[in-house]
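In what follows, a single structure is set out as structure tokens and then discussed.
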Amino acid sequence: VLESWSFLDTVESNFRPLVVIELAKGTKEETIEWFTRRIVDKKANGDVILMYFLAYFTPLYFKGAQLLIKPLENGVENIYLVGASHLRLLLGAETVGLVKECSDNSMRAFTYSSRKTFKDFADDNHNFLTMAECQYIIKHELENLRAKNEKMIPGYPQAKLYPGKSIVRRLLTSGILVQIFPLHDREELKKLRHSWYGRVKVGYQPLDDIRCYFGETIALYFGFLEYFTFALIPMAVIGIPYYVFAWEDYDKYVMFATFNLLWSTVILEVWKRICAILTYRWGTLLMKRQFEEPRPGFHGLLGINPVTGREEPVYSSLKRQLRIYLVSLPFVCLCLYFSLYVMMIYFDLEQWALDYHKENESNFSSLMLYVPSIIYAVVIEIMNRIYRYAAEFLTSWENHRLESSYQNHLILKVLVFNFLNCFASLFYIAFVLFDMKLLRQSLATLLITSQILNQFAESLLPYWLQKRYSRRMKKRMCSQKTDRDLSIAEQVNMEKEMGTYLGTFDDYLELFLQFGYVSLFSCVYPLAAVFAVLNNITEIYSDALKMCRVYKRPFAEPTANIGVWQLAFETMSVISVVTNCILIGMSPQLDALFPDSKMDLVLSVALVEHLILAIKFIMAFIIPDKPRDIQMKLAKLEFESLEALKQQVRAFQMQLHFLLIHH
């Protein structure tokens, strides 16, 4: 492998553009020359022995990314296309730890030395790695371009550098680098669109095709969306007759609510198993977690990382904690208070609408009863979106070193506010006003209105804006060509103006809130699952549309699960046990069973609640997170990896001893 690095060419006759780099207009020539040289420079210089030592002890010795780069044709300034030779991509696949299927149908981390053992591999087969994997490798190499001895970016003395600093991240934060994005494959995208949403059909999504084109993170989201939709169908089917035939009989809802609570546990545990099956097939379940580098926005005084020994920014954890507890926490509490204040205004509007209806008793006054809930639902969506920007600013200001820490703090802030903002009014109606009719009305209005607003804001509006821009671009180019005939320059110019997909955060958040509407008050409004199923069916098609037509192609991101969202859904299911048990305990039928002692009623409800929680936790413990066959494959692979590591260490020691003697 080391010899391959040494002889790897930076010029290839069949250049395949994979990634686009757009620099700011007016970027200085010396900056462009320096940056492009670092991209094409060889990975390492020197003889094999020196490279072996430096690979282990001084990673900064490696200079360039050893990629291919060329300016965009047709005189477009400061836009460059990046690619890589086939050999470079194979070596990069080993570097990032991609897992591929072997000829014996097992999954193993790809290594260049054992490339012949992998399924469908051939030296002339340039499709062994998917285009998404190739783009991920290039992104990884670009992000790991690090400063050596430079003190600043050439031409920009204010953009400081230090040994080990990511060059791409500094260029981005300095405004020199506008964006980096992967190119679409027009032909493959057309095939994917046809199989995914090109025709209305009853069936599963092409998750493997989605994974090959967009990567595991996005494919896993669509897999979870599809699974969650199918899992809601039993609740929807059971909920319809309960709604039609037993609307006011709360004792008949006990079985429905109990089934719902156990159902929420089963679907989350079964999803873990399905997730393990998918990610094992895709190889990400086996990928080794790499040491996390500092996130792009992290700043501080230059110091030594005690773990890696590298120079990097160091920031006091005490200062970060002070920012969190003295600024962020009070701000979040203030926002929560404001949310409750808006909620009380909503109840004043509800009372006004009710009084108006009592005075007039007309069809118009009946419609007015729904107006406060609709207005409140719109206000909730607006507040959620404004708060999201504030939460992102605060979390960035807290200056977290790792991207995972940043994401966890951001998700916690957003979830707490969204939970209170969306569900506080329902809790108030249920447990303070004790108005079940208003609870049903408010729940239905909030659920349906939020679904309509999300569909419009996330898919329909961006799609309409993108269609308008595409028409203007085609008129400006005076081109009547089809998508297939678009030149690379026209394709880049169209794609660089498309919106940027910011990740699956908002998509999972929408499903999380929907899960809350369905599970928290299931015994009051059984039709919630029906509306959720209908929304999710359209959500699958609208999300597919925006991924293929509205946004730039995102970089693939390997993942083994849905991360912290699994915990968020499980927490919601536990809270739903408490709310449904209390609602059932408040029913007149159950209250009539304990006419003399309310304490007996409270104790009985608490006992049932603890019993259901115990059953939930037992079920979660009994159902394995991974199927038995995958557990065996993982155990076998771990054993073989340990044996292979022992052999490699012995071989390395012998080879090193031999080279030192003869060098």
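The values are calculated or read from the model by the stated rules, or taken from the named source; none is laboratory data. Since the structure is predicted, the reported quantities are computational estimates derived from the model, not experimental observations. Please note: Cβ atoms are built from the backbone with ideal geometry, for glycine as well, and neighbour counts cover all protein chains shown. Heads up: the accessible areas ignore ligands, DNA and RNA and are worked out on the full protein's heavy atoms, side chains in. Shrake-Rupley method; radii C 1.70, N 1.55, O 1.52, S 1.80 Å.
A quick yes/no check of all residues on (1) β-branched (Val, Ile, Thr); (2) open to solvent by 70 Å² or more (accessible area, probe 1.4 Å):
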| position | (1), (2) |
| --- | --- |
| Val332 | yes, no |
| Ile345 | yes, yes |
| Ala353 | no, no |
| Ser362 | no, no |
| Tyr370 | no, yes |
| Tyr376 | no, no |
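Grab the strands (runs of 3 or more DSSP E) fully contained in region 73-190, keeping just those with 1 or more residues being within 30 Å of Leu545 (Cβ to Cβ) and open to solvent by less than 10 Å² (accessible area, probe 1.4 Å).
Values: elements: 79-83, 99-101, 107-109, 156-160, 177-182.
Passing ranges, in order: 79-83, 177-182.
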- Only one of Lys252, Lys272 is modelled with pLDDT under 90 and either more than 29 Å from Ile612 (Cβ to Cβ) or assigned to a helix (DSSP H, G or I) (or both), namely Lys252
- Is there any pair with a first residue in region 147-159 that is not assigned by the TED database to the domain that holds Thr36 and a second that is assigned to a strand (DSSP E or B) whose Cβ atoms are under 9 Å apart and which are 6 or more apart or on different chains, and what are they? none
- Determine whether region 205-227 contains at least one residue that is in contact with a Lys or Arg (Cβ under 8 Å, 6 or more places away or on another chain) and modelled with pLDDT under 85. no
- Failed condition for Met494, given (1) out of contact with any Ser or Thr (no Cβ under 9 Å at 6 or more places or on another chain); (2) open to solvent by 10 Å² or more (accessible area, probe 1.4 Å): (1)
- Just one of (1) out of contact with any Gly (no Cβ under 9 Å at 6 or more places or on another chain); (2) farther than 25 Å from Val492 by Cβ; (3) not assigned by the TED database to the domain that holds Thr31 trips up Leu207, so point out which. (1)
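Considering region 162-196 alone, what residues qualify as being without any contact (Cβ under 8 Å) to a residue 60 or more places away in the chain and among the hydroxyl-bearing types (Ser, Thr, Tyr)?
Of all residues in region 162-196, those without any contact (Cβ under 8 Å) to a residue 60 or more places away in the chain come to 168, 170, 174, 185, 188, 191, 194-195.
Hits for region 162-196 are Ser174, Ser195.
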- Query: If Glu33 passes every condition in (1) over 31 Å from the mean Cα position of the chain (by Cα); (2) within 28 Å of Glu497 (Cβ to Cβ); (3) open to solvent by 70 Å² or more (accessible area, probe 1.4 Å); (4) at pLDDT below 90 but one, which one does it miss?
  - Reply: (4)
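Looking at region 397-417, which of its residues are over 23 Å from Met344 (Cα atoms) and open to solvent by less than 50 Å² (accessible area, probe 1.4 Å)? Break it down stepwise before answering.
Narrowing region 397-417 to residues over 23 Å from Met344 (Cα atoms): 397-412.
Within region 397-417, Glu398, Asn399, His400, Leu402, Ser404, Ser405, Tyr406, Leu410, Ile411 qualify.
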